[in-house]
Every structure is written in structure tokens, then in C-alpha cells.
Amino acid sequence: GDNMVQINGENVAADGMTLSNYLAENGYVLAQIAIEYNGVILPKENCATTVLKDKDVVEIVSFVGGGCY
């Protein structure tokens, strides 16, 4: 089977990509998001060195718009 990373509840074929590459490819702006990586809040400076691997779980919380929901 394919190696899949779970990102915001969806299985994504991002195995082997750095987190910063994934974010850039998908239009995320680091200044506007918080990242939870396998249950831990990930410091922004770690994005470039964090390589996504099979069964990782990533939650990306976006602050775009700045309003309440």
C-alpha cells in the first residue's frame, strides 16, 4: 500500500516531503497557521527539517480572516 500522512483528517501522499514543502505547495502561509504534528505543537522553525512519514498525523490550524467562527 501507499504510505499516507493524515493531514487535517485526510490521507495525503506526502510521505518523504518536508513539512515546509507540503505547506508551500498547498498555499499555506506560515505566519497565518499553527501546526500540530503527532499531537504536539510544532515550532515554525522546525517545518523545514520535519520530514513527513507514513502514519504521521498533522493538524493545520489557519488564522486567515482573523475573525471568530
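The values are calculated or read from the model by the stated rules, or taken from the named source; none is laboratory data. Computed from a prediction, not measured in an experiment: that's the story for all the values here. For neighbour counting, all protein chains shown are included, and Cβ atoms are generated from backbone atoms with ideal geometry for every residue, glycine included. The protein model used for the area step is the full one, side chains on, heavy atoms only, and it has no ligands, DNA or RNA in it. Shrake-Rupley method; radii C 1.70, N 1.55, O 1.52, S 1.80 Å.
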*asked:* Pull out all pairs, ordered by first then second residue, where Cβ-Cβ is under 6 Å, the residues are six or more apart or on different chains, the first lies in region 29-44 and is closer than 10 Å to Val61 by Cβ, and the second is among the β-branched types (Val, Ile, Thr) and open to solvent by less than 70 Å² (accessible area, probe 1.4 Å).
replied: Ile33/Ile60; Ile35/Ile60
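Does any residue of region 16-26 turn out to be touching a residue at least 24 places away in the same chain (Cβ under 8 Å), farther than 17 Å from Phe63 by Cα, part of a loop (DSSP other than H, G, I, E, B) and within 12 Å of the chain's Cα centre (by Cα)? Even if it seems obvious, please write down each step before you answer.
As a first pass, look at region 16-26 and keep what is touching a residue at least 24 places away in the same chain (Cβ under 8 Å): 16-20, 22-23.
Now restrict to residues that are farther than 17 Å from Phe63 by Cα: 16-20, 22.
Filter once more, so that each one left must be part of a loop (DSSP other than H, G, I, E, B): 16-17.
Restricting the remaining residues to those that are within 12 Å of the chain's Cα centre (by Cα) gives 17.
Yes, region 16-26 contains a residue that is touching a residue at least 24 places away in the same chain (Cβ under 8 Å), farther than 17 Å from Phe63 by Cα, part of a loop (DSSP other than H, G, I, E, B) and within 12 Å of the chain's Cα centre (by Cα).
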